[in-house]
Structures are given as structure tokens and as C-alpha cells.
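The block underneath contains the structure these notes are about, expressed in C-alpha cells.
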Amino acid sequence: MKLKIIIVPMVVITLFVFGSMVFDSTAEAKESLRISCSAQIYEALGEEMIPEFKQATGIEVDLHICSSYISVKRLINGTCDIASSARKLSKKEKEKGCVETPFCKDPLAIIVNSKVNIDNISAKQLQKIFSRRISNWKEIGGPDHPITVIVPGKATAAYNNFSSQVMKRKKVNYDFMTYRSTFAIEAVKHFPYAISFISQGTALKQKGIKTLKINGLSTSNKKYPYYQQFSYITIGKPAGKAKALLDFLSSEKGKAIMKKEGVCPSCDD
């Protein structure tokens with residue numbers, strides 16, 4: 001009886017160890033590409049791009065959506081294999097080995113609640129609104145209602161690009177700040193006389209909001225003044241599954257998806 005008691009556990013242990021080895025081998029073979037993705041880029045492109053990439057390559061994707069800043073930070077910390085960002089790398093990030101590969105540009109759209117009966121504003125009026133020197137829509141020919149100014153969080157690429165391109169680094173005054181850049185859309189929908197800004201690729205998919213022309217130029221005009229650059233970031237030169245993603249983005253299929261979603265592939269005019 002004692003011999004049987006010893007043998008049975010040993011068989012079980014052997015099977016368990018062997019089974020674990022088989023499982024680990026299978027898991028390794030199916031290891032995913034770990035992507036940390038900017039919320040703006042995911043909303044603008046990722047919902048369609050990532051499934052198409054998986055179908056074309058057979059590569060599984062482990063996706064984490066966050067701000068551009070956190071996306072790059074996760075890459076540096078080794079939490080992901082590749083990161084997407086809507087802002088340029090800092091000097092410190094480059095010193096840590098980060099390499100950016102731009103793949104498209106997207107207009108930084110100025111969005112308002114659809115109830116605002118204004119379709120065009122000047123760059124100067126836009127600056128005055130976000131510095132609170134204009135606080136009522138009637139001051140620029142709109143309805144007699146206070147303007148609700150909503151901005152994405154200061155750590156987001158949208159906020160930093162807006163601060164740099166629109167405000168020229170002057171102070172931004174606002175009523176509400178959202179944690180994630182894409183949450184600004186829901187806030188603008190909620191407040192009837194609100195204004196904010198976001199990726200055009202994201203804004204085009206939404207109801208209840210509209211984009212404003214700037215100095216008479218729509219976001220589809222090549223001379224539109226405000227753009228964001230979308231890039232994928234890797235530690236060192238892209239390789240393996242990360243390179244496969246970049247190759248897909250530069251393919252005809254990848255470019256077609258970008259154009260369909262309202263963004264411009266980097267290599268195009």
C-alpha cells in the first residue's frame with residue numbers, strides 16, 4: 001500500500017510538469033504583440049486597424065489604451081513591445097532608447113456641441129475663448145449663452161499639441177478638464193454650448209458634435225493650421241512583431257484604412 005501511495009503522486013507530478021511544459025510552449029508560440037495605444041489614436045484608427053492587422057498577419061494583440069505619455073512610459077518600463085503616441089518624443093525619452101516612426105498626421109479638430117450655430121471662427125477668437133477673454137457665444141455672432149470650455153488632461157497629447165499650436169504656450173483657462181482626451185467628446189455632447197478639441201479621426205465618428213472651420217479652413221483643407229503627428233515608438237530599431245505592425249501600416253491596406261478614417265498617411269501630401 002505504501003508503495004502505491006508513493007508511485008501515484010509521482011505519476012501525477014510527472015504529468016503535471018510535462019503538461020506545464022507543453023502549455024508553456026504553446027503559450028510562447030502564441031505570444032501576443034503588446035501594444036500601449038494613445039486613446040486618440042485608438043479611437044481614430046485602432047478599432048478598425050488592429051483587427052485588420054490581426055487578420056492579415058495572424059499575430060495576436062494585447063492592447064492597453066492610455067494617454068500618449070503613459071503609453072511611452074510603459075514602453076520604457078518594458079510593459080509593452082510598442083507604443084503609439086500623438087506627441088513627439090522628449091529628449092529624455094530619446095536618451096532612453098526610444099525611436100519614433102511617424103505613420104500619419106491628423107488634424108486637431110475644434111469641436112462644439114451641435115446646438116452652437118457657428119461654423120467658423122478665427123485663430124484669434126479661438127485663443128480668446130480658451131483664455132476666457134471671450135466668454136459668451138454672442139460675442140462672435142452666436143447664441144446668447146456662456147461658452148463652456150472643456151479640455152483634455154494636461155498629460156494628454158491633445159492638450160499639449162493645442163497648447164503649443166493654438167495657444168502658443170499661453171495659459172489655457174477652462175471650466176472642466178477630462179482625464180482622457182477622448183472623454184472630452186462626451187463632455188461636449190453633455191453641455192449644449194461647450195467647446196473643446198480632439199483628433200479629427202475621432203470626431204468624425206461622433207454624433208451630437210461638429211467641427212469648426214478655422215479662418216475659413218475646414219479640417220479637410222490641406223492648409224488647415226493645426227495637426228497632430230501619430231507615431232509608433234519602439235526601443236531601438238523596430239523588429240519582429242513590432243516591425244510587422246509598422247509594415248502593415250505602410251501597406252496599401254493600412255493606408256486605405258487611414259484615409260477612410262479621415263487621417264493622412266505620413267508619406268502622402
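Read the figures in this text as sums done on the coordinates, not as results from a lab. These numbers come from a predicted model, not from an experiment. We place every Cβ from the backbone using ideal geometry, glycine too, and count neighbours over all the protein chains shown.
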Most mobile of Lys237, Lys255, Lys222 in a GNM of the chain (Cα contacts under 10 Å): Lys222
Of the candidates Gln228, Pro107, Phe130, the farthest towards the positive dipole end of the chain (Lys/Arg Cβ +1, Asp/Glu Cβ -1, centred on the Cα centre) is Phe130
Quick calc, region 107-214, dipole around Cα centre from Cβ unit charges on Lys, Arg (+) and Asp, Glu (-), nearest 20 debye, gives 300 debye
Got a sec? How would Val116, Val99 order by Cβ neighbour count within 10 Å, fewest to most? Val99, Val116
Mind putting a number on the dipole of the chain about its Cα centre? Charges go on the C-beta only, +1 for Lys and Arg and -1 for Asp and Glu, and I need it in Debye to the nearest 20. 1020 debye
Selected from Ser84, Gly254, Ser67, residue furthest toward positive end of dipole (the chain; charges at beta carbon): Ser67
What length, rounded to one decimal in nm, is gained on full extension from Glu47 through to Glu60, with 0.36 nm per residue of separation minus their alpha-carbon distance? 3.2 nm
Along the charge dipole of region 107-214, pointing to its positive end and built from +1/-1 on Cβ of Lys, Arg, Asp and Glu, which listed residue (Thr182, Val149, Asn161) has its Cα farthest out? Asn161
Percent of beta bridges antiparallel (DSSP, the chain, rounded to nearest 5): 60 percent
Ignoring everything except DSSP H segments at least 4 long, calculate the 222 nm mean residue ellipticity for the chain; use -39,500 (n - 2.57) per segment, divide by total residues, nearest 500. -11000 deg cm²/dmol
Quick one: Karplus J couplings for region 195-200, per residue in order, coefficients 6.51, -1.76, 1.60, θ = phi - 60°, nearest Hz, x for Gly and Pro? 9, 7, 8, 6, 4, 4
What is the antiparallel percent of DSSP beta bridges lying wholly in region 107-214, to the nearest 5? 55 percent
Which of these values of volume of the Cα convex hull per residue in Å³ was calculated from the structure shown: [x] 118; [y] 168; [z] 130? [y]
List, in order, the whole-Hz ³J(HN,Hα) value for each residue of region 214-229 obtained from phi through the Karplus relation with A = 6.51, B = -1.76, C = 1.60 and θ = phi - 60°; use x for Gly and Pro. 10, 6, x, 9, 7, 5, 7, 7, 4, 8, 3, x, 10, 9, 10, 9
Below 8 Å between Cα atoms, with a sequence gap of 6+, how large is the relative contact order for the chain in percent? 27 percent
